[in-house]
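Computed from the coordinates by the stated procedures, all read-outs in this text should not be read as laboratory data. Since the model is a prediction, treat every value here as computed from it, not as a measurement. Cβ sites come from the backbone with ideal geometry, for glycine too, and all protein chains shown count toward neighbours.
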Amino acid sequence: MNSFMKPTILILITTFFVITGLAQKKETVSTDVRLIKDRPHVFISFQSETKVEPLYEGESGHRVWLQFHNNSRWKVKFCFHYVPEEYGKTGARYEIERYKGTGEVPSAGRSDTCRYSTLLPGKLHLFSVPREHLADGLAIKIQYHYAWEFDPDGTSNLDEPEHFVFFYSEDVPKIKRLKTPTYGIIGKKGCVIKDPF
């Protein structure tokens, strides 16, 4: 080998190892948009249970306080309505579904109109629901949208997929859980509830 070949081969070998080493050290960019990695993008958690005057006729005076969490890097929007401050200032619009057992499902009093609230990444919305809406076997379901799913004029795009988050009665601490309400004197619009406290 001549004196010119040795430095060239040495430079090529060094370059190969440097490039290989850089490729191995290259950090991968996470495609996970969750802020807390072991939690879903959007979820609801239990905060507390309180006793207050019924908000609407036919409701019990027991309310479950829940937190609607945005655990994604994106803004989310959900329908809300105004309520008095002692009930959380704003309530989230939800539906009630039976996921276990049989029996009547109380009405959530859902309105056809919707005001959207924007929940920023990492933030939560505190709201309350009547305790009987989370009696054994019932769940509440909240529809939400990612902010980028809205049309430029601010309306929701009906061509986008629907997203829902659920909170199940079994997620309320067991010591506070009510039995399924019975419908009686008040009728189907209201419930006769036994006081769990």
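Key figures for this structure:
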read-out	value
Residue-wise HN-Hα coupling along segment 140-157, computed from phi with Karplus coefficients 6.51, -1.76, 1.60 (Hz; x: Gly, Pro)	9, 10, 10, 8, 9, 9, 7, 4, 6, 7, 8, 5, x, 7, x, 8, 6, 8
Computed magnitude of the charge dipole of segment 42-176 (debye, nearest 20; Cβ of K, R +1, Cβ of D, E -1)	500
³J(HN,Hα) computed for each position of segment 58-68 - Karplus, 6.51 cos²θ - 1.76 cosθ + 1.60, integer Hz, glycine/proline x	x, 7, 7, x, 9, 10, 9, 9, 10, 10, 8
Likely footprinting exposure, Phe46, Phe164, Phe78, fewest C-beta neighbours within 10 Å first	Phe164, Phe46, Phe78
Amide H partners (placed H, <5 Å) of Phe43, local residues excluded	His69, Asn71
Longest to shortest principal axis, alpha-carbon extents of segment 42-176, angstrom	44, 33, 28
Where labels lie 7 Å past Cα in the beta-carbon direction, separation of Glu162 and Ala147 in nm	2.5
